[in-house]
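Structure first, then comments.
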Amino acid sequence: MEVLYRSTRGQGGEVKASQAILKGLADDGGLFVPTTIPKLEVSVNELSKMTYQEVAYEVMKLYFTDFTEEELKNCINKAYDSKFDTEEIAPLAEVDGAYYLELFHGATIAFKDMALSILPHLLTTSAKKNDVKNEIVILTATSGDTGKAALAGFADVKGTRIVVFYPHGGVSPIQEKQMVTQKGDNTFVVAINGNFDQAQSGVKAIFGNKELAKEMDEKGFQFSSANSINIGRLIPQVAYYVYAYAKLFAEGKVAKDEKINVVVPTGNFGNILAAYYAKNMGLPIDKLVCASNDNKVLYDFFETGCYDRNREFILTNSPSMDILISSNLERLIYKIAENDSEKNAELMAELAKDGKYTITDSMRKQLADFYGNYATEAETTEEIKRVYDKTGYIMDTHTAVASCVYGKYKKDTNDDKVTVIASTASPFKFTRSVMNAINPAYDKLGDFELVDELSKIGNVKVPNAIEEIRNAEIRHNNLCNVDEMESVVKKFLNM
Ligand SMILES: *Cc1c(COP(=O)(O)O)cnc(C)c1O
C-alpha cells in the first residue's frame, strides 16, 4: 500500500516519501506525517531471525513506498556497515534489571548516527528520483550530537553541502572538538552567540525565507534539513525499537505478544516519537516513558496539558536535551487532534505568539500511552554513580536521565514489565560529567586523561571516534551572532 505524506498544518496536499525527505519541512512550516501508520507485515518470530539491516528494511519499506527494493536496500547497506563497531548495530545490555539499547555504536558515538548515517543516502536517492539538479544544502542547528553525526554522514557525499550551527559554550568539549575537526570540503561549522533554541529558530527562519530560496535556486542550490523534523530521520529510528523487541523475543526475555515499556531520554521528541510509531505499527509496547532533564517542559506538558516554553533555559550536563521547543511533538499533537491540521496549526500559532498552548481534554485522554518525569542534575549524577557502583556499567548523562526516570516510574506505578531504556550516547562523549559523577576527584585530569581513565575503570575500549580527534587539526573556527546566520550561509556558498 502506498503511504503518502502531508503537513501537520494542512497546506500543500499530499506528497511522496522521497518528496517529503527532500523538503524536510513542509512549505506551511508544518512537519510531514504519513497519512496512515502502516502495520508490521512480518511476525516477531520472523523478525527475531533477522539482522539489523533486514529488520530496518521491513520497517522502512512500509513508509518509503516510492523507493524500489534495490534503492532502499542500497541506502540501508551503505548506512549500517563497518562504520558501526558492532555487527548488531544496536546491541542490548542487560544491567540492573533493565535492557539498555545502546544506540551509540556508530561513527560519532551518539544515537543520531542511527538516522544520520542513512539520511544522506535517502536524500541523494530522493533527489535522483525527483530529477533534482540543484546541489542540496543541508542546514542544521545542533545542541551537540546532531551536528557531528550530520557532518559525518554528509562529508564528501556528492551533490550535497552541509552547514552546522551550534551554541557557543552550549556543547561538551568533546562534542565541539568532534565538530571543528570535521573533514570534507563540503562541510562548514559555525558557533553562534546564543543557545540551541536560537540556533534552531535561526535555521527555521532561513528555511522560511522565500526570497532566499529563489536566489538559491538561481545559483543551483536548494536547502534541506538534517534536523530530526525530517521524516527521513524519524522513520529509520522506528527500526531499532522493532529490532530490540525481536532481540528480546529471540533471547526468551519476552513471551509472544508480551508488552514491554520503553524509556527515552527526550529533547526534540524524535526518538520517543519513533517508539510511538513502532507501537502504532503493532509492536507490543505498553508505556512510553518520556524522560526530561531540568528543562522539563515535556514533563509539565504531560502533567497539565499545557505546553509552556516561557521559562529559564537551563544548561545541564545532558546538553542534547537542553531544549524548550520540542519540534517533533507537533507530530504527536496532530495525531491526538485526530489528524485535525487546523487545530494543530492553531496551537502552533499560539506557541509562536505566546510561547504556550493548552490541548483539549479529548486530546489529553489520548496521551495515556505516555508517562513523563524528569531527573535533576544531582539525580542524574547520582544515577551514574549508583549503577556504576552496583554493576560496573558506565552510562552517559543522557542515558542516566532516562535510567533515573525509570526508577521514578517503577516507584510510582509498581509496573515491572520488561523495560528497554534507550541509551543515546557513549559515556566517552561526555567523559568529564560522567567521570565527575563517579568521583569528583577526576575533575583535575585533562580531557584525554579522563578518556583513558574511563576506559580503564569501565573496562571498555576507547571508541575510534575519540581516538580520531585526539590529535586532529582544527579546521573550522567561526563564530557569529544569531542575526548573521543567513549571511554566513551565503558566504559559504559564495553567493
Ligand atoms: C538528540 C539526543 C537526545 C534527544 O533525542 P530527541 O530525539 O531529540 O528527543 C538524547 N540524548 C542524546 C545523547 C542525544 O544526542
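Some notes on this structure:
- Once the chain from Asn280 to Ala378 is taken as fully extended at 0.36 nm per residue, the excess over their C-alpha distance is 31.8 nm.
- √(5λ) per eigenvalue of the Cα gyration tensor, segment 342-484, largest first, Å: 36, 26, 13
- Per-residue ellipticity at 222 nm computed for the chain from its helices equals -13000 deg cm²/dmol, with DSSP H segments shorter than 4 residues left out and the rest contributing -39,500 (n - 2.57).
- DSSP bridge orientation in segment 268-422 - percent antiparallel, rounded to nearest 5: 40 percent
- Estimated FRET transfer efficiency (Lys210, Asp361; beta-carbon r; R0 41 Å; 0.05): 0.60
- At the listed q of 0.14, 0.17 Å⁻¹, the Debye profile of segment 307-363, built from one uniform point per Cα, gives log10 I(q)/I(0) equal to -0.43, -0.60.
- Relative contact order of the chain, taken over Cα pairs closer than 8 Å and 6 or more residues apart, is 18 percent.
- Building the convex hull from the alpha-carbon atoms of segment 206-349 and averaging its projection over directions returns 11.8 nm².
- For segment 166-267: Kirkwood Rh in Å [reciprocal of mean 1/r, alpha carbons]: 17.7 Å
- Gain on full extension, evaluated as 0.36 nm per residue between Lys461 and Asp308 minus their Cα-Cα distance, stands at 50.8 nm.
- Sparse-neighbourhood loop sites, GluC sites (Glu not before Pro) in segment 6-81 - DSSP loop, at most 16 other Cβ within 10 angstrom: Glu41
- Segment 15-136 - Debye-derived log10 I(q)/I(0), Cα point model, q = 0.16, 0.19 Å⁻¹: -0.91, -1.19
- The loop-placed chymotrypsin sites (Phe, Trp or Tyr not before Pro) in segment 216-309, going by DSSP, include none that has at most 16 neighbouring Cβ atoms within 10 Å of its Cβ.
- Binned Cα-Cα distances of segment 209-266, short to long, each 10 Å bin given as a whole percent: 17, 28, 21, 14, 12, 8
- Relative to the globular-protein estimate of 2.2 N^0.38 Å, the Cα radius of gyration of segment 265-368 stands at 1.05.
- Average accessible surface for segment 347-480: 48 Å² per residue, computed with a 1.4 Å probe over protein heavy atoms with every protein chain in place.
- Note on Ala368 and Glu473: with the Förster distance fixed at 60 Å, the Cβ-Cβ geometry gives a FRET efficiency of about 0.70.
- Separation in nanometres of the label points that stand 7 Å from Cα toward Cβ, at Asn130 and Asp156: 2.8 nm
- Bridge type composition, the chain - antiparallel percent by DSSP, nearest 5: 25 percent
- Viscosity 1.567 mPa s, temperature 4 °C, Stokes-Einstein D of segment 380-434 from Kirkwood C-alpha radius, µm²/s: 112 µm²/s
- Rolling a 1.4 Å probe over the protein heavy atoms leaves Tyr166 with an accessible area of roughly 10 Å².
- Exceeding the 19 Å Cα-Cα cut-off - candidates Lys148/Lys177; Lys335/Lys411; Lys214/Lys491; Lys16/Lys279; Lys78/Lys128; Lys148/Lys491: Lys335/Lys411; Lys16/Lys279; Lys148/Lys491
- Global form of the chain, assessed from the alpha-carbon gyration tensor, a/c cut-off 1.5: rounded
- Solvent exposure of segment 78-120, expressed per residue, is 30 Å² of accessible area, with all protein chains present and a 1.4 angstrom probe.
- Applying the criteria of a DSSP loop state and at most 15 other Cβ atoms within 10 Å to the GluC sites (Glu not before Pro) of segment 411-476 yields Glu473.
The values are calculated or read from the model by the stated rules, or taken from the named source; none is laboratory data. None of the values given here were measured: they were computed from a predicted structure. Every residue, glycine among them, receives a Cβ derived from its backbone with ideal geometry; neighbour counts consider all protein chains shown. Remember, those area values only see protein heavy atoms, side chains included, never the ligands or the DNA or RNA. Shrake-Rupley method; radii C 1.70, N 1.55, O 1.52, S 1.80 Å.
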